[in-house]
Number of protein chains: 2
Amino acid sequence: MRLRTVRTDDGGTRAEIHRGARWSPTDAPDVGVLLATPDWRSTADATTHPTSPTGSAPVVTTPAKIVCCGHNYRAHIAEMGRAAPQFPTLFAKFADTLTAWDADITLPGAAESALLDWEAELAIVVGDVLSRADRETALSAIAGYTVANDFSVRAWQRRTPQWLQGKAFDATTPLGPELVTPDEADPAAGLRISCRVNGVEEQVGSTDDLVFDPATLLSYISGFTVLRPGDVVLTGTPGGVGIAADPPRFLRPGDVVETEIEGIGLLRNRITASHTEITGR
Amino acid sequence: MRLRTVRTDDGGTRAEIHRGARWSPTDAPDVGVLLATPDWRSTADATTHPTSPTGSAPVVTTPAKIVCCGHNYRAHIAEMGRAAPQFPTLFAKFADTLTAWDADITLPGAAESALLDWEAELAIVVGDVLSRADRETALSAIAGYTVANDFSVRAWQRRTPQWLQGKAFDATTPLGPELVTPDEADPAAGLRISCRVNGVEEQVGSTDDLVFDPATLLSYISGFTVLRPGDVVLTGTPGGVGIAADPPRFLRPGDVVETEIEGIGLLRNRITASHTEITGR
């Protein structure tokens, strides 16, 4: 089963369920709210939303919690010159950090000073309440998977020991296009994850190269904070990021970044210059 | 002016305003929602909430964004053996991390393995929308100040390079008891901030020892993410944390921690063993 969130002509958003080869509207404003609805799988088509889709939105628009794991693909850990970790390295993003699968990503300031980099990631969407859950319970609470790119402003990320400020620029993490339920996509089976910049494949990996797999991550996170339906966990990026290249390479206005996970989906984001940069304000 | 959030006998929460020597109820469920209400200063007493206060709650119960600054008091930076920073070191907490000013703080597991430490902090509550704001604009958008203790599970904080997992245990950051508006409390004037454990003063500092003052922090954060009414910024802790002692000292069940900022308020939190530890489950 596939779920998505669309923008509607009344200025809001709406969750949709793919049924019988078409997208059916629901009464939920986004997939996160839909997942928190009991028996959402059997929910009837919405009757109260005669709105039409006008554009795309993040699969979950306002998660209360976004937890991200760094250093999680063995190949990426190797390229960054680190040892395999004993514990997952975790940081947070905000709901404001998310954007649509096809949205432009605006460079904060000049490309030379921002050092904007790509990070293709498998994202987990939580479907049940999890607190101090074991791995098996966590696995059964996964609502589904989607695609993210953890675009990182390396200049800010490297200013201090904590990454948040380089990882939480508003509207820089596309999430989508759809949530795919676990019966249709199994990361443990080894799904190809890749990132192309202007058509050139920069990152490629397999979702079975994760040090901490989705169930292990949810279980670990639930050891310190409760997870709820609609919460999002990003699982880290494979090898091939720009900062690890020799010499390092970063994104520029006009670049097009495609992020793809086999059987789950494709993001396509164009990098644009900031208004500030253009006008000199 | 002072604002607070109380628990009510209907199981919810409610914001109250201190007027004419008594606390007046409002229609807002917490101070964050109250601050997002236009003309909240002149709002009439609630007529739709005939509920009675039954307990305390965090001043803001569900902020969309909690941003925390580490390494911000010159004295604490010195005790940790670091150089004065050029940029604020920032990390996030979740709304679930917050708890009431008088709540018990539950040790996650055995005291010996958790290494629970104290961190007295001045907290800022945002009162207006801020995006790429200059320092002056940021200063005028401060709704007020309150007291926090960034209780830190050092064992988890030190597992990886990113602090989140040691800083975001559910219900470990008391925030309160009241928001005090800037006309009544000015951190730049040098307010005494202190932390006592079982009556012994462990931390003491002055809010004019901040490397990045409240307006500078809000301005800096608004450079990458929008701040909105009810968002919370923690400004860092002064010298005297347990992990910096020789030998290091950590909290144990039964300890009582008092966190105080002159003219703003006092937190009083008792450390309790976790149910898991007691029952052995």
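The values are calculated or read from the model by the stated rules, or taken from the named source; none is laboratory data. Note that the coordinates shown come from a computational prediction; the quantities given were computed from them, not determined experimentally. All Cβ positions, even for glycine, are placed from backbone atoms using ideal geometry, and neighbour counts span all protein chains on display.
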Is it the case that A:Thr13 is free of Cβ contacts under 8 Å to residues at least 60 places away in the same chain and in contact with a His (Cβ under 6 Å, 6 or more places away or on another chain)?
-> no
Regarding B:Gly254, is this residue touching a residue at least 40 places away in the same chain (Cβ under 8 Å) and either under 16 Å from B:Val147 (Cβ atoms) or assigned to a loop (DSSP other than H, G, I, E, B) (or both)?
-> no
Tell me, please, whether a residue that is among the hydroxyl-bearing types (Ser, Thr, Tyr), closer than 26 Å to A:Leu218 by Cα and touching a helix residue (DSSP H, G or I) at 6+ places or on another chain (Cβ under 9 Å) can be found in region A:96-110.
-> yes
The lone exception for B:Ser140 - which of (1) free of Cβ contacts under 8 Å to residues at least 24 places away in the same chain; (2) in contact with a helix residue (DSSP H, G or I) (Cβ under 8 Å, 6 or more places away or on another chain) it fails = (2)
Mind telling me which of the residues B:Asp213, B:Asp117 ends up being of a type outside the set (A, V, I, L, M, F, W, C), more than 14 Å from chain A (Cβ to nearest Cβ) and under 30 Å from A:Phe212 (Cα atoms)?
-> B:Asp117
Subset tally (residues that are small (Gly, Ala, Ser), assigned to a strand (DSSP E or B) and either in contact (Cβ under 8 Å) with a residue 40 or more places away in the chain or not assigned by TED's automatic domain parsing to the domain that holds B:Val125 (or both)) for region B:153-208 | 3
One residue from A:Gly240, A:Gly223, A:Gly176, A:Gly190 being surrounded by fewer than 21 Cβ atoms within 10 Å (Cβ to Cβ) and more than 14 Å from chain B (Cβ to nearest Cβ) | A:Gly190
Which members of region A:62-95 meet the condition of being in contact (Cβ under 8 Å) with a residue 40 or more places away in the chain, aliphatic (A, V, I, L, M) and facing chain B (nearest Cβ under 8 Å)?
-> A:Ala64, A:Val67, A:Leu90, A:Ala92
Taking region A:135-152 as the region of interest, how many residues are closer than 30 Å to B:Ala83 by Cβ and either away from chain B (no Cβ under 14 Å) or assigned to a strand (DSSP E or B) (or both)?
-> 1
Looking at (1) closer than 25 Å to B:Asp255 by Cα; (2) within 13 Å of the chain's Cα centre (by Cα), can you tell me which one B:Val67 breaks?
-> (1)
Among (1) free of Cβ contacts under 8 Å to residues at least 60 places away in the same chain; (2) at positive phi; (3) surrounded by 16 or more Cβ atoms within 10 Å (Cβ to Cβ), the one test that A:Thr43 misses = (2)
Looking at A:Thr43, A:Thr51, A:Thr62, which one is modelled with pLDDT under 90, in contact with a Gly (Cβ under 9 Å, 6 or more places away or on another chain) and over 30 Å from B:Ala155 (Cβ atoms)?
-> A:Thr51
